[in-house]
Amino acid sequence: MELTPQQVLGLRMSSLLLRASPGGAGRATSVAEVVTWLGAMQAQDLASGLWSFGARLPGYTAADVTAALERREALRTWPMRGTIHFVPSRDAHWMLELMGVRVLNGAAKRREQLGLSEETAAAAMEVLGAALAGCGRLSRSECLAVLADKGIDTSGQRGYHLLWYASQRGLLCIAPNIGNEQSFVLLDEWVPDPHRPERDEALSTVALRYFRGHGPTTRHDFAGWTGLTAADAKRGIAVAGDALAQVTVQGVEMYLDAALLDTTPPPAGDDEVLVLPGFDEYLLGYKDRSLMVADEHKAAIIPGNNGIFQSTVVRAGRVVATWKRTLAKSRVQIAVQPLVPLHGSDRAEVERAFEQYAKFVERTSEVRWP
């Protein structure tokens, strides 16, 4: 089947915003459904990660999402590409084992750069395991203090690496914050009943979830998102079988959830306006973002090309502005920087879109234009 770029944008918006949610029963109603539908959600910036849920769960507040995380509907860890993501809690173990191995292969070189030995990393895991045993929970600074108390140097980036390494190995995971700090728990205690699929089932599951939540898109994007080898990415698509459908877009082979071919979303969301966080799957889920972002706007969205993405305003599937917010006691001040001309009714539509975000952070919005 041949699709146009506009049809691709419409389907991507439908997928990424859960217009076609699990079981076809309308939009998702829980954090667990959202993260399972998308497979994983980038979350190195916690505030952005929380709003990625809020944008897909109308009526939710940040406190509601945090409460769901306390119920363990999702957790944060480093499942792929060495980057923090939200993942379904019961799937954390197998995702680490399937997609984290290539990142772990580079850990020895990083330890050498930091002056850490393999013995020190192993000792740190033992210390952290003992400190957290029995359903313990420690803030990041408390974890580093425990390590330092046992004579393990955590200065510079050493402490971060040791916490990352223990999480990458499946010992720890990130629980909801204690105050403004990350907190860590033992993964086996936080999730005592993990799912343990065989390798082919794991590859099939991650392929189906990725293309269901991001498609239509390419095998190259899938490999880039997961960090899998090209061979494993190909295998995942193969074992997913008829659950995935192949389409062609301007001569490029793409895949999507076969069930989405039965839906007919309006082209590119029928001019719908979305306000998304910087680290949202709508942009982070792809290597090739050319359908969503004009070449001349890339520098505004990723200043300095340093991996830090600005929050975006999306209209009809395309990024049309960036935004920044400042939280006050009862207000959220939002500064919008248009990338294309936005006047009159366009601005009013953007301001209405920000009302959902203001409700999410439980404040009134004040939108400012240049």
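For Lys109, give me every one of the lysines with a C-alpha distance below 28 angstrom, ignoring sequence neighbours fewer than eight places off in its own chain.
Lys150, Lys287
Which entries of Lys234/Lys324; Lys298/Lys324; Lys298/Lys329 show an alpha-carbon separation above 27 angstrom in the structure shown? Show your work: numbers first, answer last.
Numbers: Lys234/Lys324 39 Å; Lys298/Lys324 17 Å; Lys298/Lys329 33 Å.
Where the Cα-Cα span goes over 27 Å, the pairs concerned are Lys234/Lys324; Lys298/Lys329.
Using only helices, what value at 222 nm comes out for the chain when you add -39,500 (n - 2.57) per DSSP H run of length 4 or more and divide by the total residues, to the nearest 500 deg cm²/dmol?
Details: 17 runs with 157 residues, N = 370.
When only DSSP H runs of four or more count, the value is -12000 deg cm²/dmol.
For the pair Glu119 and Cys135, how long in nm is the line joining their label points, each one 7 Å along Cα→Cβ?
Modelled inter-label distance: 3.8 nm.
Between Ala328 and Glu296, what is the label-point separation in nm under the 7 Å Cα-to-beta-carbon projection?
3.5
Could you sort the peptides 333-342, 276-285, 199-208 by per-residue average Cβ neighbour count (10 Å cutoff), highest mean leading?
Numbers: 333-342: 15.8, 276-285: 23.7, 199-208: 20.4.
Final packing ranking: 276-285, 199-208, 333-342.
By per-residue mean of other Cβ atoms within 10 Å, what is the highest-first order of 2-10, 68-76, 174-182? Present the calculation step by step, with values, prior to reporting the outcome.
Values: 2-10: 17.2, 68-76: 19.4, 174-182: 15.0.
Sorting 2-10, 68-76, 174-182 by mean packing, highest first, produces 68-76, 2-10, 174-182.
Setting aside same-chain residues fewer than 8 positions from Lys359, which aspartates and glutamates have a Cα under 14 Å from its Cα?
Filter leaves Asp64, Glu351.
Mind checking the dipole of the range 86-167: about its Cα centre, +1 per Lys or Arg Cβ, -1 per Asp or Glu Cβ, Debye to the nearest 20? Show your work: numbers first, answer last.
Values: 9 positive and 9 negative charges, 49 e Å.
About 240 debye.
Taken together, the values in this text are just the output of simple stated rules run on the coordinates, not laboratory data. Keep in mind that this is a model prediction, so the values were computed, not measured. As a convention, Cβ positions derive from the backbone with ideal geometry for all residues, glycine included, and neighbour counts pool all protein chains shown.
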